[in-house]
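Derivation of every value follows stated rules applied to the coordinates shown; laboratory data play no part. From a predicted model like this one, the values you see are computed outputs, not experimental measurements. For neighbour counting, all protein chains shown are included, and Cβ atoms are generated from backbone atoms with ideal geometry for every residue, glycine included.
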Amino acid sequence: MAEVAISFTMLMFIMSATVDIGRAFFAYIAIRDASQEGAAYGSLKPWDPNGIEAHVRGSSSDPFDLTDLTTVSVDTLYKQGTGAWHNTWLTGDCAGESILVVVNYDLNLFMPLITMIVPSGDVLLNASMIDTIIYPPC
């Protein structure tokens, strides 16, 4: 009986870890694709950060709701040549320069045994995508 109790506990722990790791991987793929969608839109319309964010948030609503403002944040950054990244579009940010879209997602773990390892029950996932601005020409 003691061996069964110990092995059952270990199997439950492994199963709950597998479920939450699978959910985290699936969520990462969703936010990576969302950041890619935002970067693709931003390469054509870099002056429209609201449109970039709308494309990111509209890319997934099920099973991970990217429209939720409490768990998902979207940042858009621009870079001219070898300069530093900045968060507002400038008139010099034109074709050939870079745009970076960063998506952060606060994943809530729901398996009870995992909270022994991750006490907060949350894991912050982030994905980013860099693209080249195509329009407007310089």
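Evaluated with a Cβ-only charge set (Lys, Arg +1; Asp, Glu -1), the range 66-138 carries a dipole of roughly 100 debye about its Cα centre, given to the nearest 20. Charged side chains reduced to their Cβ positions (Lys and Arg at +1, Asp and Glu at -1) give the chain a dipole of some 180 debye around its Cα centre. The angle between the Cα long axis of helix 49-58 and the longest principal axis of the Cα atoms of the chain comes to about 30 degrees, rounded to the nearest 10. Compared with the direct C-alpha span, the chain from Thr71 to Phe8 gains 19.3 nm at full extension, assuming 0.36 nm per residue. The rule of thumb for compact globular proteins, 2.2 N^0.38 Å, goes into the C-alpha radius of gyration of the range 2-132 1.36 times. Taking label positions 7 Å along the Cα-Cβ direction at both Asn108 and Tyr135, the computed distance is 4.0 nm, reported to one decimal.
Sequence gap at least 6, Cα distance under 8 Å: using those rules, report the relative contact order of the chain to the nearest whole percent. In percent, rounded to a whole number, it is 29. Springs join every pair of Cα atoms under 10 Å in this Gaussian network model of the chain, and among Val103, Val72, Val56 the largest mean-square fluctuation is at Val72. For the Cα trace of the range 87-138, dividing Rg by the Kirkwood Rh returns an Rg/Rh value of 1.34.
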